[in-house]
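The values are calculated or read from the model by the stated rules, or taken from the named source; none is laboratory data. What you see is a predicted model; the values in this text were computed from it and never measured. In this analysis, Cβ positions are derived from the backbone assuming ideal geometry, glycine residues included, and neighbour counts consider all displayed protein chains.
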Amino acid sequence: MYHIIEFLRKYYYILIFIVLELVSFWALFRFNNYQGSVWLTSANSTVAKVNRLYFDCQTYWNLGDVNEKLAAENLRLQQENHVLREALHDTKSDGGWIDSLTNEHMKNYQYISAKVVVNSNGKKNNYMVIDRGEEDGVRKDMGVVCGTGVAGVVLLTGPNHSLVTPIINNHSDISCRIREENYFGSLQWDGKNPRIAYLDEIPRYAKIKKGGVIETSGFSSVFPPGLYVGKINSVGDSPDGQSFRLEVELGTDFNTVRDVNIITTPYKAAIDTLQSRAMRESPQEM
């Protein structure tokens with residue numbers, strides 16, 4: 001209390017001056033129309049600028065959530081688009097039947113959103129680390145996608161993080177097909193351009209067009225069919241000369257990928273069990 005009294009005693013004339021200035025400004029703007037209108041205009045303009053700055057900052061901080069939602073929505077639309085294409089190709093039934101088929105197919109797949117926290121894209125065997133692990137339901141060999149296409153496959157899992165083998169890894173091998181043509185092959189990366197991969201084992205009688213879409217084939221429990229992978233840049237011969245080799249421009253830019261989704265299926269465990277059993281029993285039959 002003593003220090004407050006000393007402060008007021010020492011600076012009371014400055015405080016009185018400030019109070020008188022505030023009173024005078026109030027009287028000026030309150031009882032003079034012109035000065036009052038100028039004050040209101042300036043004040044409204046300043047408030048508008050402050051509100052705009054606050055809105056811009058809030059929008060910027062919410063971009064992460066927006067990107068996650070957009071990536072998930074884009075993935076859902078890709079899969080729904082695939083189901084509708086297949087339905088329209090096979091039947092001309094009414095739309096209600098197609099909607100029910102879409103819902104039936106989509107319910108088999110669930111998605112876990114994640115963020116890339118470590119990204120290696122300048123090596124032969126690149127990798128990504130995501131911020132979801134076993135405690136979030138992530139398991140080995142689950143597919144990973146982003147808003148622009150397929151990203152890779154989960155290789156190792158920890159409690160809260162997972163290691164992902166991206167397409168741009170020499171050990172990556174994903175079954176893909178040409179959209180609407182249904183010719184499928186193995187997509188692999190040659191360790192050079194991170195935006196280019198190659199689809200091998202395409203038969204030479206296949207009708208292939210530059211710019212055609214490459215998508216997941218669905219011939220595994222990792223990825224559902226119809227997810228966008230990339231587009232055909234050129235057509236060449238495979239190393240053995242027995243089939244075509246397609247140069248594919250990847251949809252995923254691994255230099256900027258941030259928000260991803262892990263694909264889970266309720267029947268993946270059953271498929272993996274059957275495949276493991278088949279591998280164990282094959283040598284005995286031979």
task = Could you grab me the full set of residues in segment 120-147 that are under 25 Å from K231 (Cα atoms), touching a strand residue (DSSP E or B) at 6+ places or on another chain (Cβ under 9 Å) and surrounded by fewer than 18 Cβ atoms within 10 Å (Cβ to Cβ)?
result = S120, N121, K123, K124, N125, D141
key: All positions within segment 133-156 that are touching a helix residue (DSSP H, G or I) at 6+ places or on another chain (Cβ under 6 Å) and among the β-branched types (V, I, T)   = V145
task = Inspect segment 196-209 for any residue being at negative phi and within 22 Å of the chain's Cα centre (by Cα) and give the result as yes or no.
result = yes
key: Hits in segment 115-126 (condition: closer than 10 Å to N169 by Cα and either touching a Pro at 6+ places or on another chain (Cβ under 7 Å) or β-branched (V, I, T) (or both))   = N121, N126
message = Looking only at segment 210-240, how many residues end up being within 25 Å of G147 (Cα to Cα), more than 20 Å from the chain's Cα centre (by Cα) and aliphatic (A, V, I, L, M)?
response = 1
R179 in contact with an Asp or Glu (Cβ under 6 Å, 6 or more places away or on another chain) and within 20 Å of F244 (Cβ to Cβ) = yes
ask   = Are there any pairs with C-beta distances below 9 angstrom linking a residue in segment 150-167 that is under 10 Å from G133 (Cβ atoms) to a residue that is part of a loop (DSSP other than H, G, I, E, B) and among the small types (G, A, S), with the two at least 6 apart or on different chains, and if so which?
value = T157/G133; G158/G133; P159/G133; N160/G133; H161/G133; S162/G133
inquiry  = Give me the strands (runs of 3 or more DSSP E) completely within segment 177-267, filtered to those with at least 3 residues that are among the charged types (D, E, K, R) and in contact with a Lys or Arg (Cβ under 8 Å, 6 or more places away or on another chain), ordered by residue number.
reply    = none
task = Within segment 98-135, track down each residue that is at pLDDT below 85, among the basic types (K, R) and either closer than 16 Å to I262 by Cα or not assigned by TED's automatic domain parsing to the domain that holds N160 (or both).
result = K107
